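Colleague: Have a look at this one.
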Amino acid sequence: MNALLETLRQICGAQHVLTHDDPTTDLSAWETDWRQRVFGKALAVVRPANTAEVAAVVKACANSLTAIVPQGGNTGLVAGSVPDASGQQIVLSLQRMNTVRAIDPDNLTMTVDAGCILHNLQEAAEKAGFLFPLSLAAEGSCTIGGNLGTNAGGTQVVRYGNARELCLGLEVVTPLGEIWQGLTGLRKDNTGYDLRHLMIGSEGTLGVITAATIKLYPLPAARLTAWAAVPSMATAVQLLGMAHQQLGAGLTGFEVMGQFALSLTDKHFPNLRVPLYKDTPWCVLLENSDHESESHARHLFENLLEAAMNAGCVTDAVVAENMSQAQALWQIRESITSAQAQEGLNIKHDISIPISQIPAFVEATDAVLLKEIPGVRLVNFGHLGDGNLHYNVQAPQGQDDKVFVREMEDRVSTLVFESVARFKGSISAEHGIGSQKVDKLPRYKDPVALGMMRSIKQALDPQNIMNPGRVIR
Ligand code: FAD
Ligand code: 2HG
Ligand code: ZN
């Protein structure tokens, strides 16, 4: 092992190979997952500066059969970006690779290093007069490499799609340490298997993404946000249909938030002033991006909300008057995860269901859980526009959260996932499988698909050094 560490130091420079041997270095930020569920121990945290260094690091690890855990911002929610407790895996951090390599305005693309922070890319795009629409609450620290590694979703998917839809090309270091140059920026390319789509969402198990060519869009003339109280999940779905109908491609966000989820935000972040939630089971956050003008956007929004009120889908609503009000409404939505974390450890389910089935799914699954665990607190919110719910479960009031999660997680998740399967949904909509759901996947994934996944893994990573134990075993 010392020989490997010595080689890694030669490749990246000694100051970029962090180990526990140095008592002044604290590696816990790279070893602990965002949810504080996994406390791993790394052999080393290695921080290469460029693609050539990544390739050399991977080759060195391949030669010594050392497992590599690629890591971007370490905001993943399924424990896929932290090492196990063995002290034998290296964390390959892409954080130092954070350059925007090129912007091509006519091709509407931007080519960026994998370690670029998402928020910085949104800003770089805007500075060049464009929109990079991927948006999620972790955008201040997650990286584009991690976004593509997980095929992240977020709040704009209803209009622009997942990270996958926003990527035209990749540069990848394979598990053998070769560099695949796939930064094409082409919108059409039918020259065989689509390896870009294979890498996207593979959670670091098939290679290290070192750069990407991503799509840019025109900046809208106006972005308006509305917050609506709705009397049921069924009416929220009805409102979504009306919003598609009346706003067309202008509908760029459609989020649903349950009353208990919002009560946690209100409790832990009282300054955010959550509107309208106390007298309604659900609130919806809608965004209308308009390419004409703000007054056009407002007109469309007001018509929609009026029609929705007449149809009984909305009982009350506010439309943000300006950008800072809009941001404040989004901040409430984006703070639910942190509010829930402050309330205590919890059990997360990032699921998708055909949108039409969501009201029945919620009713049925709520009933099953409340019967099984009286007093259990259901924190339900998410991207209703994409059929993606964060159907999270918190211990009954007064129960120890750690004990609850330790003793109940498997049972609770099985109940939820069985319900998801009955409604023909997916047990992971956007966060991925990581190590957390790896044991659940075989029950819910088609066996032939699982077999093909195993064959692909075996073919590309025969030594099983790339993020082993994540996604598939
Ligand atoms: P990491 O956490 O570092 O890694 C995630 C996975 O990708 C790991 O398996 C890792 O090995 C792999 N990986 C990382 N970098 C690379 C690379 N360069 N090449 C290959 N593999 C790599 N997710 C959503 O989809 N939608 C949301 O709305 C959303 N909201 C969130 C809100 C909060 C508050 C938090 C904490 C998380 C949220 N997430 C969300 C989850 C998380 O932010 C995303 O999964 C994000 O894409 C992870 O990016 P990262 O750079 O932090 O990746
Ligand atoms: C979101 O949509 C994220 O805010 C996190 O995907 C969801 O905390 C969660 O469960
Ligand atoms: Zn989400």
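Colleague: Taking each pair of distinct Cα atoms in the chain once, what is the resulting Kirkwood hydrodynamic radius in Å? Walk me through the numbers before you get to the answer.
Modeller: Working: mean 1/r = 0.0430 Å⁻¹.
When all Cα pairs of the chain are included, the Kirkwood radius is 23.2 Å.
Colleague: Something else about it: For segment 267-358, what does the relative contact order come out to in percent, with C-alpha contacts under 8 Å and a separation of six or more?
Modeller: On the way: 30 pairs, mean separation 32.8, N = 92.
Taking the mean separation of contacting Cα pairs over the length of segment 267-358, I get 36 percent.
Colleague: Quick one: order 193, 217, 277 by neighbouring beta-carbon count within 10 Å, fewest to most.
Modeller: Numbers: 193 7, 217 16, 277 21.
Ordered from fewest to most neighbouring Cβ atoms within 10 Å, 193, 217, 277 come out as 193, 217, 277.
Colleague: Can you pull the one-decimal nm distance between simple spin-label points at residue 63 and residue 368, each 7 Å off the Cα toward Cβ?
Modeller: A separation of 5.2 nm, rounded to one decimal place.
Colleague: Order of 333, 101 from fewest to most other C-beta atoms within 10 Å?
Modeller: Working: 333 25, 101 14.
So the ranking, lowest neighbour count to highest, is 101, 333.
Colleague: If you don't mind, another one. Beta carbons within 10 angstrom, averaged per residue: use that to sort the peptides 60-72, 409-421, highest first. The partial results should precede the final answer.
Modeller: Values: 60-72: 21.7, 409-421: 17.4.
Put in order of decreasing packing, that is 60-72, 409-421.
Colleague: Could you work out the relative contact order of segment 190-294, using alpha carbon pairs under 8 angstrom and six or more residues apart, expressed as a whole percent?
Modeller: Values: 118 pairs, mean separation 42.7, N = 105.
Dividing the mean separation by the residue count of segment 190-294 yields 41 percent.
Colleague: Let me ask you something else. Order these peptides, 170-176, 326-332, by their mean beta-carbon neighbour count within 10 angstrom, highest first.
Modeller: Details: 170-176: 22.9, 326-332: 18.3.
Per-residue mean Cβ counts within 10 Å order the peptides as 170-176, 326-332.
Colleague: Turning to a different aspect of this structure: Bin width 10 Å, origin at 0, all Cα-Cα pairs of segment 20-79: what percent of pairs per bin?
Modeller: Cα pair-distance distribution for segment 20-79, in percent: 19, 45, 34, 2.
Colleague: When ranked by the protection proxy of mean other Cβ atoms within 10 Å per residue, highest first, what sequence do the peptides 448-459, 198-209 form?
Modeller: 198-209, 448-459
Colleague: Right, here's the next one. When the dipole is taken about the Cα centre of the chain, and only Lys, Arg (+1) and Asp, Glu (-1) are charged at their Cβ, what size is it in debye, to the nearest 20? List each step's numbers first, then the result.
Modeller: On the way: 37 positive and 48 negative charges, 186 e Å.
About 900 debye.
Colleague: Show which aspartates and glutamates lie in cross-link reach of residue 215 when reach means a straight Cα distance below 18 angstrom and same-chain residues fewer than eight apart are skipped.
Modeller: Of all the aspartates and glutamates, those that pass the test against residue 215 - Cα under 18 Å, at least 8 places apart if same chain - are 104, 106, 113, 123, 126, 139, 165, 171, 189, 194.
Colleague: Still on this structure, I have one more. Which value, in debye to the nearest 20, describes the size of the charge dipole of segment 53-205 about its Cα centre when Lys and Arg Cβ atoms bear +1, Asp and Glu Cβ atoms bear -1, and nothing else is charged? Kindly include the intermediate steps, with their values, before the conclusion.
Modeller: Working: 9 positive and 14 negative charges, 15 e Å.
It comes to approximately 80 debye.
Colleague: Tell me, what are the semi-axes, in whole angstrom and largest first, of the equivalent ellipsoid of segment 312-385 as set by the roots of 5 times the Cα gyration tensor eigenvalues? Walk me through the intermediate numbers first.
Modeller: Numbers: eigenvalues 142, 70, 27 Å².
For segment 312-385, the semi-axes come out at 27, 19, 12 Å.
Colleague: What does the helix-only formula give at 222 nm for the chain: each DSSP H stretch with n ≥ 4 adding -39500 (n - 2.57), the total divided by the residues, and the result rounded to the nearest 500 deg cm²/dmol?
Modeller: -11000 deg cm²/dmol
Colleague: Say each of residue 422 and residue 126 gets a label point 7 Å from the Cα, pointing the same way as Cα to Cβ; how far apart are those two points in nm?
Modeller: Placing both labels 7 Å along Cα→Cβ, they lie 4.5 nm apart.
Colleague: Provide the gained length on full extension for the span residue 29 to residue 188, in nm with one decimal, where the gain is 0.36 nm per separating residue minus the Cα-Cα distance.
Modeller: Values: separation 159, 0.36 × 159 = 57.24 nm, distance 4.05 nm.
Full extension of this stretch gives 53.2 nm more.
Colleague: Measure nothing but the geometry: give the 0 to 90° angle between the long axis through the Cα atoms of 118-127 and the longest principal axis through the Cα atoms of the chain, rounded to 10°.
Modeller: Relative to the chain, helix 118-127 is tipped by roughly 70 degrees.
Colleague: Hey, another quick one. Which order results if 126, 31 are arranged by neighbouring Cβ count within 10 Å, fewest first? Before the final figure, lay out the partial values.
Modeller: On the way: 126 13, 31 24.
Ascending number of Cβ neighbours within 10 Å: 126, 31.
Colleague: Please identify which residues in segment 134-163 have an amide N closer than 18 Å to a label point set 7 Å out from the Cα of residue 108, following the Cα→Cβ vector.
Modeller: 134-135, 156-163
Colleague: Which of 224, 305, 204 sits closest to the plus end of the dipole of segment 198-344, meaning its Cα is farthest towards the positive end, when Lys and Arg get +1 and Asp and Glu get -1 on the C-beta?
Modeller: 204
Coordinate-derived values only; no laboratory data. Given the structure is predicted, the values throughout are model-derived calculations rather than measurements. Cβ sites come from the backbone with ideal geometry, for glycine too, and all protein chains shown count toward neighbours.
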